[in-house]
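Visitor: Following this message is one structure expressed as C-alpha cells.
The values are calculated or read from the model by the stated rules, or taken from the named source; none is laboratory data. Everything numeric in this text was worked out from a predicted model, so none of it was measured. Ideal geometry is used to build each Cβ from the backbone, glycine not excepted, and the neighbour counts take in all protein chains shown. Ligands, DNA and RNA are excluded from the accessible area calculation, which covers all protein heavy atoms including side chains. Shrake-Rupley method; radii C 1.70, N 1.55, O 1.52, S 1.80 Å.
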Amino acid sequence: MKIFCNHGYFKFLPTAIGEIAKFNSAYETDLVAKDDFYTFTFLQAAPDYSVLTKPYLGVPAIKTYADERPWEIMRQNKTVFNHLLGIVQPINAITLRSDYVKNQPSYGSSKNLYVPGSFTSEWKQITGYNCLFDFSNFNFYYTDIFYE
Amino acid sequence: MSKAVVAQCVAGVVSIDGAPVANAVIQSKGVGSSTGFAIMDKDKVWYQGKTYEDLVAMITSLNSMITKISTVLSSVDGALSGSNAATIAALVVENTTFLASKDLLR
C-alpha cells in the first residue's frame, strides 16, 4: 500500500483489495474513503478554507487561506496530523524523534509510520514523505522524505 | 479553485465566520453594514455585499418623498382651479407601483 504524507495530511492508496481493512485491523486506525484515496477519519471532513484565528481542524488558524487541497491549507497554517494522538497540532509542537536512517543503496525502512513534524537523527524536521507499506513484514519503506 | 462563503461587512471590515479578514478587497461601497459573499482564492479575499437591500431602502425612501409631494400638490391644486387633479391622481398611482417594485427586484 502506498502512503503519502503531504504537509502532515495523509493519503493511503491500497494496491490490493482488503489492504485498508487489514491496516485498520493491525494498527487500530480508522481509515476512510475520500475522493480517490483513503485518509484518517479526522481528516476526511477537512474544510477547504481557513480564517485567521478561527479553528481549522481544532487549531486556531494563522492564515486566511482557501484551497481545495487541505494539505495546502495545513502547510500555510503550519499544522500536521499526529496520527498517534488523532489530532492536528502545530508543527512546532512536535518534538518526536524518528528512527529514519537512509539505508544504502535503497530506502529507509521502519516499523513505524512517522509522525509528520518529527525529527531525524540530523535534527531535520519531517514535513512529509512517500512510503510503501509491506504487509508481508509490516515494514514502512520510505522512498522520499521532505523537510521543513 | 475559488471558494465562496457568506460574509459580513461592518464599517469597512469584512468578517468570515465572525472573524475579521484584514486584506479583503471590498467590491461594493462597503460603508453601510451588509451581508454578502466573500470569494476566497488562496490568500486573496474579495467581498461583495448584497446590494438589493440598498435598492429596497432607496425605493421606500423615495416613495415616502413622492407621497409627501403628491399630498402638497393635491392641497395646492385644490386651492386653485383643480385642473391638475388627473395628473396628481396619476402620480399617486405611479407611486404605488413604484413602492411595489421593491418586492420584484431581480
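Visitor: When all protein chains stay in place, what accessible area (Å², nearest 10, 1.4 Å probe) is found for B:D103?
Guide: It works out to around 110 Å².
Visitor: Could you run the Debye sum over the Cα atoms of the range B:1-58, one equal point scatterer each and no solvent, and tell me log10 of I(q)/I(0) at q = 0.13, 0.16, 0.21, 0.25 Å⁻¹, two decimals?
Guide: Here log10 of I(q) over I(0) equals -0.28, -0.42, -0.70, -0.95.
Visitor: Calculate how steeply helix B:52-79 sits against the longest principal axis of the alpha-carbon atoms of chain B, using the helix alpha-carbon long axis, and give the answer as 0 to 90 degrees to the nearest 10.
Guide: The helix B:52-79 is inclined about 10 degrees to chain B.
Visitor: What lysines could a cross-link reach from A:K111, if we take a straight Cα to Cα line under 28 Å and drop same-chain neighbours fewer than 8 places away?
Guide: Within the straight-line limit of under 28 Å, A:K111 reaches these lysines: A:K2, A:K11, A:K22, A:K34, A:K78, A:K102, A:K124.
Visitor: Which FRET efficiency, nearest 0.05, do B:Q27 and B:T60 yield, Cβ-Cβ r, R0 25 Å?
Guide: 0.55
Visitor: Here's another thing I want to ask about it. Give me the one-decimal nm value for the distance between modelled label points at B:A89 and A:T15, 7 Å along each residue's Cα-to-Cβ direction.
Guide: 9.0
Visitor: Restricting to DSSP H runs of at least four residues, report the calculated mean residue ellipticity at 222 nm for chain B, -39500 (n - 2.57) per run over all residues, nearest 500 deg cm²/dmol.
Guide: -14500 deg cm²/dmol
Visitor: Moving on. Give me the inter-chain shielding for A:63-72: mean count of other chain Cβ atoms within 10 Å, whole number please.
Guide: 5
Visitor: Which translational diffusion coefficient, to the nearest whole µm²/s, is obtained for chain A from the Stokes-Einstein equation, given a Kirkwood hydrodynamic radius over C-alpha pairs, 10 °C and 1.306 mPa s?
Guide: The diffusion coefficient I find is 101 µm²/s.
Visitor: Something else about it: Tell me the relative contact order for the range B:1-101 as a rounded percent, counting alpha carbon contacts under 8 Å between residues six or more apart.
Guide: Relative contact order for the range B:1-101 comes out at 21 percent.
Visitor: Ignoring ligands, DNA and RNA, what accessible area per residue does the protein assembly as shown give at 1.4 Å, in Å²?
Guide: 56
Visitor: Let me ask something else. Please compute the alpha carbon radius of gyration of chain B, then divide it by the globular-protein estimate 2.2 N^0.38 Å. Two decimals is fine.
Guide: 1.65
Visitor: Another one. Find the centroid of the Cα atoms in the range B:38-91 and in the range A:1-48, then give the distance between the two in whole Å.
Guide: Value for the Cα centre distance between the two parts: 60 Å.
Visitor: Name the residues of the range B:2-36 whose accessible area falls by at least 30 Å² when all protein chains are present instead of the chain alone, probe 1.4 Å?
Guide: Buried-area filter returns B:K3, B:D17, B:A19.
Visitor: Report, to the nearest 10°, how far helix B:85-100 tilts away from the longest principal axis of the Cα atoms in chain B, using its own Cα long axis and a range of 0 to 90°.
Guide: Taking the Cα atoms of chain B, the angle to B:85-100 is about 20 degrees.
Visitor: Give, as a single signed number, the net charge of other residues whose beta carbon lies under 15 Å from the beta carbon of A:L31, with Lys and Arg counted +1 and Asp and Glu -1.
Guide: That sum, taken over residues with Cβ under 15 Å, equals -1.
Visitor: Rank by packing, highest mean first: peptides B:39-47, B:51-59, A:77-85, with packing defined as the count of other Cβ atoms within 10 Å averaged across residues.
Guide: A:77-85, B:39-47, B:51-59
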